[in-house]
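The values are calculated or read from the model by the stated rules, or taken from the named source; none is laboratory data. Remember, predicted model here, so these are calculated numbers, not experimental data. No Cβ is skipped: glycine too gets one built from the backbone with ideal geometry, and neighbour counts run over all protein chains shown. Heads up: the accessible areas ignore ligands, DNA and RNA and are worked out on the full protein's heavy atoms, side chains in. Shrake-Rupley method; radii C 1.70, N 1.55, O 1.52, S 1.80 Å.
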Amino acid sequence: MSLPEIVSRAQWSAAREELLDKEKAVTRALDALRAERRRLPMVPVDREYVFEGGDGRATLLDLFQGRQQLVVHHFVFDPAWEAGCRCCSAFLDQIGHLAHLHARRTTFAAVSRAPFTRILPFKARMGWTVPWYSSCPGDFDADLNMFSEEDGRPVQRPGVSCFLRDGDRVFHTYSAWGRGLEGLGSTTSLLDLTALGRQEPWEEPQGRAYAVGAPVTQEHLRYHDEYDD
């Protein structure tokens, strides 16, 4: 096994400072990339999708639960399966408490092609509380480009899609799949995919934080049971 070199504390500190400069450069580059993502154009969702969840039938607009943004996890769960994809399950295990997303006007939900009658027992087994809907038998995942071709046949891939609401109009702003899902799970990582971002004043483009009300700062952070939703 190849282990790190053993050095003195002074040598370690010097090496750490050198690496820190590179880490800061990556952080600045990521800030610029996220700003470019927020500048992406958006596409109106004019098709009427129907989902089934714990409260019965729902539209895509219903999935927002009255908030301005929606992040959908395209959870791979084939209608013929008894349990969901292991990779998608590991991803959903990483999702934190949703109250912090809600405080930033953003809803998170999982959507799968399996019937809700199969989703419900698997969700209970895993102990998840996130909203989860069935898109069966619709084309929601296919329309969001969540299929790739393997051996000449279409295969669904895990993904994340972001939507923005303007009144009753819904717009698709971003999607990611494959390695684009790496590092996601925290509140800020999901917000960084959205058109409104973290809604903090320092973010580019300027003024985006005020699009749906007052901007959010660290002073708004609460224990998850202290928010007024």
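Some observations on this one:
Residues checked against (1) under 12 Å from Gln68 (Cα atoms); (2) within 16 Å of the chain's Cα centre (by Cα):
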| residue | (1), (2) |
| --- | --- |
| Arg169 | yes, no |
| Gln199 | yes, yes |
| Gly213 | yes, no |
| Glu226 | no, no |
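- Answer residue from the stretch 171-229, given it is open to solvent by less than 50 Å² (accessible area, probe 1.4 Å), assigned to a loop (DSSP other than H, G, I, E, B) and without any contact (Cβ under 8 Å) to a residue 24 or more places away in the chain and is nearest to Leu30 (Cα to Cα) among those: Glu200
- Filter result (open to solvent by 20 Å² or more (accessible area, probe 1.4 Å), closer than 16 Å to Pro44 by Cβ, of a type outside the set (Asp, Glu) and not in a loop (DSSP other than H, G, I, E, B)) within the stretch 129-170: Leu164, Arg165, Arg169
- The helices (runs of 4 or more DSSP H) located wholly in the stretch 56-112 that include 2 or more residues which are closer than 14 Å to Gln156 by Cβ occupy 86-93.
- When the stretch 1-38 is filtered for residues that are of a type in the set (Asp, Glu) and outside any helix (DSSP H, G or I), only Glu5 remains.
- Single residue of the stretch 49-83 satisfying the filter (over 18 Å from the mean Cα position of the chain (by Cα) and closer than 29 Å to Arg179 by Cβ) that is least open to solvent (accessible area, probe 1.4 Å): Phe51
- Residues within the stretch 94-119 that are open to solvent by 20 Å² or more (accessible area, probe 1.4 Å) and in contact (Cβ under 8 Å) with a residue 12 or more places away in the chain, tallied: 13
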